[in-house]
1. Taking the number of other C-beta atoms within 10 Å as the exposure measure, put 71, 136, 230 in order starting with the fewest.
2. What does the charge count around residue 9 come to, taking other residues whose C-beta lies under 15 Å from its C-beta (Lys +1, Arg +1, Asp -1, Glu -1)?
3. For residue 27 and residue 253, FRET efficiency with R0 = 45 Å and r from the beta-carbon atoms, rounded to 0.05?
4. Once you list every other residue whose beta carbon is under 13 Å from the beta carbon of residue 72, what net charge do they have if Lys and Arg are +1 and Asp and Glu are -1?
5. Ordered by packing density, taken as the mean number of other Cβ atoms within 10 Å over each peptide's residues, highest first, how do 16-23, 137-144 rank?
6. Among 54-63, 254-263, how do they line up from the highest to the lowest mean number of other beta-carbon atoms within 10 Å?
7. Using 0.36 nm times the number of residues separating residue 41 and residue 201, minus their current alpha carbon distance, what extension gain do you get?
8. Using the structure shown, select from 216/253; 188/216; 131/216 the pairs with a Cα to Cα distance greater than 25 angstrom.
Amino acid sequence: MFVLLLADMHVGSRWGIFPAHCHGSLDTDIQLNTSQQYLLACWERMVQEVSQHDKILLVLVGDIIDGQNLRQEGRFLCEPDPQFQARAARVLLAPLLERATKIYLIRGTPYHTGSAGQDEEFLGEIIGAEKGTDGRCVRGWLLLRIGNVLLDIAHRQSYSLRYRSTTLERELGFALERIGAGQDMIAKLCIVRAHTHIFRLVDDGSNLVISLPSWKLQDEYAQTSVAPNRTLPAWLGAVGLHFQGGEISNVIKYLFPHPRPTTVTIAGENSTGDSSPATYRTKETRNNDTRNSARTRNKRKKSARGA
């Protein structure tokens, strides 16, 4: 069995992945920007690699669409209608849906998916996501047992700017306390979280904790709300779990580098304030300059005595 874990696609955002040749709600063809073209190329490479698996269990771990972005008045959306976003997401997911034996959809953040998750519920309906006991396609928390492994899957997680694996280890501790209290005998626990857009994999030898990467580049909110260097993810992509004999036999990382931030360069300028090429003085150069200066001073003294 192969499980594919995807999260934070943010379809509809100018910084998020979006399909090519898509007709939008404003009755225009949506033109992909350079960032979206890069994301789509990475997506197509990932889909091609996943296609070696005839059957997959697909888990979408929240924030698949970007929503209406009401606080920003929709300024950073390429498609403002959440239902059109969901349809665009279905286009992207189509080659994966064809191979999926089951599809699970996890609720994302209310800001992106509707206060009651209604926008993601529409997505769940059109992609055929499994329904829970309440009849809904979207689940807040999924506990999925495969063989001797318990997958503990939810969207949100705590966030630490500096020690990013600490929150994952803490989550593992809470889960082990719950399992211990319930005497749920399993061989391995695999916790899956998303939301931060930061990829992390913690393996203590017995259990796994995975923080999923996203399919969205760093946006203006991330650049201005905290510290831009700290909120810049290194990787985009997805994670796959290969099961054999009731155990996780392999963790497959479909990772693609996040583009480097744009640097604005002023041609012909350097730190000295003139337009000449910048020069850098090494320690050896400085020592030579000091010795030459000393020789010059000695010659001047001798010339003065001779006069």
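A short reminder: the numbers here are calculations on the coordinates, not readings from a lab. All of these numbers come straight from a predicted model, not from anything done at the bench. Methodologically, a virtual Cβ is constructed for each residue, glycine included, from the backbone with ideal geometry; neighbour enumeration extends over all protein chains shown.
1. By the 10 Å Cβ count, ascending, the order reads 71, 230, 136.
2. Here the charged neighbours net out to -3.
3. 0.65
4. Around residue 72, the surrounding residues sum to -1.
5. The packing order, highest mean first, is 16-23, 137-144.
6. Per-residue mean Cβ counts within 10 Å order the peptides as 54-63, 254-263.
7. On the way: separation 160, 0.36 × 160 = 57.60 nm, distance 2.45 nm.
That pair, residue 41 and residue 201, stretches by 55.1 nm at full extension.
8. Listed pairs above 25 Å: 188/216; 131/216.
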